[in-house]
Every structure is written in C-alpha cells, then in structure tokens.
Amino acid sequence: MKKFAMMYHILLSLSLIPLSVQAKGHLMIIGGGDKPASVIEKFISLAGGEDSGIIVIPNASSVQVESAEYQVDQFKSFGAKNVEPLYFSKASADNDSIVNRLDNIKGVYFCGGDQSLLTADLLGTRLLEKIRQIYQEGGVVGGTSAGAAVMSKVMITGNELVNKDSTSSYNIIEKGNIETIEGLGFVTKAVIDQHFLKRKRNNRLITVILEHPDLLGIGIDESTAILVNPDDTFEVLGESEVIIYNPRNADDIKVNDAGKYSVNNLEMNILTAGQKYDLNKASLIQ
C-alpha cells in the first residue's frame, strides 16, 4: 500500500494522472458580488470546519493585500480559525517556502480581479500542483469572480478581439470576438462565466460555446454559486440564478460572411438555489 501511495504522488507531481479521473474534493465556484452566508459556511464546512486550514490567494487582484485581508476576515467572522493569505509571484511559486505553506491545508480560495493575472502566476508551477493535490485528496477549492473564471480549462479572459463593447454589455455573437486562454482546468466539461445576469454576459458565453461545442456553458450570477461534487454533479447555492447552455445536441452551427453565428436546437436551462445538474449527462437531476 505504501509503495502504491508513493507511486501515486510521483505520477501526480509529473502531471501524468488526469485531473478528472482522480478528483475527490469539491469546487465552490461563486459568480461574484456579495457572498451569501450559506456559501461561506459550506466552504468552511468542506474544508473541515472551524479548525480547518484555509489559504486565500489574491493574485487576481490589483490590490492583493486589501483583497486577501477582506476575505480572511470574512472567513474568520464565520468561525474559521486557521485562515491565512498567501502572497507569491510566478518567480516564487516553485519555492519550497511557498509550496510548503499548503501542508495540512484543506481549503484554497481565489479572490476576484483579473483571471489572466492568476493563471500567469500559477500555470506550470509546483504551487498549482500542490493545490490540485489538495483537491484530489478531498479538499475544497473555491473562488469568486475571476476566481470562478479560472476554474475551467477553457477560460474567458474578459477581452474582446473584434467588437470592443464589454464596458457595458456584450452586443454581438460573432466568431473570433471573445478571447479565451488556458485556465486552471478544475472544470473540463464546461466554460465558466461570472457576474452573468448582472453584467449581461449572455452573448459572450454563447459565442464561446459555439466555438467549443463539446463544452457546456455555465453562467453564474452574482451572490450565487455552484458546488461541484466529486462525481461532476453540482448544486446551485445563493440568491440568483445559473444559466446553462448545452450545444452538444445543437446542429447546423454556421458563420455567415459577416462572421455572425447561427445555430439550431441550442439547449438552455435556468437553475435556482437547490437545483442540481449532472455535467456528465448534461441534464438536470430531478
């Protein structure tokens, strides 16, 4: 048994074990805005309760110290005792002094901001592998806003490449308009979008899934979260709604001469708190 465990960790460190095969923990993916008490309490519970170890990572934020301190204080106000921020850069994310800070940690939380800053500091590092190990061994990984967007393998950056209108809402569904890059890959069957109803991001997510028709699109509104279980089912928590677009059974996806998309039979579900969804089957759980 010890020999097997040793081999498991060697393969894990070399990224030879697919994340989707071995994931044993939970994801708490929050759409931004105010975080309901039920969401914070559930995160703490999944991390082991009031004595759990939680690390807050603020690298997406332009004001890292303020963001980290706010989130640490919020967790503590709900009874978590062992909560600390982790400050690092790309250059230090492989250092033992940083990676070892996650020993005995059961919860990792990403603050909001710019998701591209977070992936720039984490992708390809020992620190990210340590976070994956925590998740795979039963811990909880969560985040809000940018910390939600980074969860999917295909990550929306927030940048538009053709029509620069995203300061208000997304006005077009057009090929090549929405920039995506590699995210952290905790969710591989869907693309995550956040602040979804509040910031009118419907057209953005539709564009991305028509360009990736093998993936679901999950739009999470503010003050709302999805709790993803080890079996790739999830439950909606919070105050607003989650929109799911399913292009897997769609047909006749076309782009006209002006670059505009058309599609038939694109499925949509609207979920509220307590409803559940199966990412594997792409269907509601009744």
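Computed from the coordinates by the stated procedures, all read-outs in this text should not be read as laboratory data. All values reported here derive from a predicted model rather than from experimental measurement. A quick note on method: Cβ atoms are made from the backbone with ideal geometry, for glycine too, and the neighbour counts reach across all protein chains shown.
Observations on the structure shown:
- Karplus-derived HN-Hα couplings along segment 50-55 (A = 6.51, B = -1.76, C = 1.60, θ = phi - 60°), whole Hz, x at Gly and Pro: 5, 9, 5, x, 10, 10
- With Rh defined as the Kirkwood radius, the inverse of the mean 1/r over Cα pairs, the Rg/Rh of segment 111-154 is 0.96.
- The fewest-to-most ranking of Tyr245, Tyr261, Tyr70 by surrounding Cβ atoms within 10 Å reads Tyr70, Tyr261, Tyr245.
- 0 to 90° range, to nearest 10: angle between helix 64-77 axis and the chain longest Cα axis: 70
- Contact order normalised by residue count of the chain, Cα under 8 Å, 6+ apart, percent: 19
- Residue-by-residue Karplus 3J(HN,Hα) for segment 107-113, coefficients 6.51, -1.76, 1.60, Hz, glycine and proline x: x, 10, 10, 9, 6, x, x
- Violating pairs (Cα-Cα greater than 32 angstrom) within the set Lys130/Lys200; Lys24/Lys200; Lys90/Lys254; Lys35/Lys254; Lys198/Lys281: Lys130/Lys200; Lys24/Lys200; Lys90/Lys254; Lys35/Lys254
- Cβ crowding within 10 Å ranks Phe186, Phe196, Phe88 as Phe88, Phe186, Phe196, fewest other Cβ atoms first.
- Computed log₁₀ I(q)/I(0) - Debye formula, equal Cα scatterers, no solvent, segment 190-230, q 0.17, 0.23 Å⁻¹: -0.45, -0.74
- Once the Cα atoms are used to define both axes, helix 37-46 deviates from the longest principal axis of the chain by about 50 degrees.
- Secondary structure note: in the chain, about 60% of the DSSP beta bridges are antiparallel.
- Where the Cα pairs of the chain fall when distances are cut into 10 Å bins, in %: 7, 29, 36, 21, 6, 1, 0
- With θ taken as phi - 60° and the Karplus curve 6.51 cos²θ - 1.76 cosθ + 1.60 applied, the whole-hertz 3J(HN,Hα) list for segment 179-187 is 7, 10, 9, 6, x, 6, x, 6, 10 Hz, x standing for glycine and proline.
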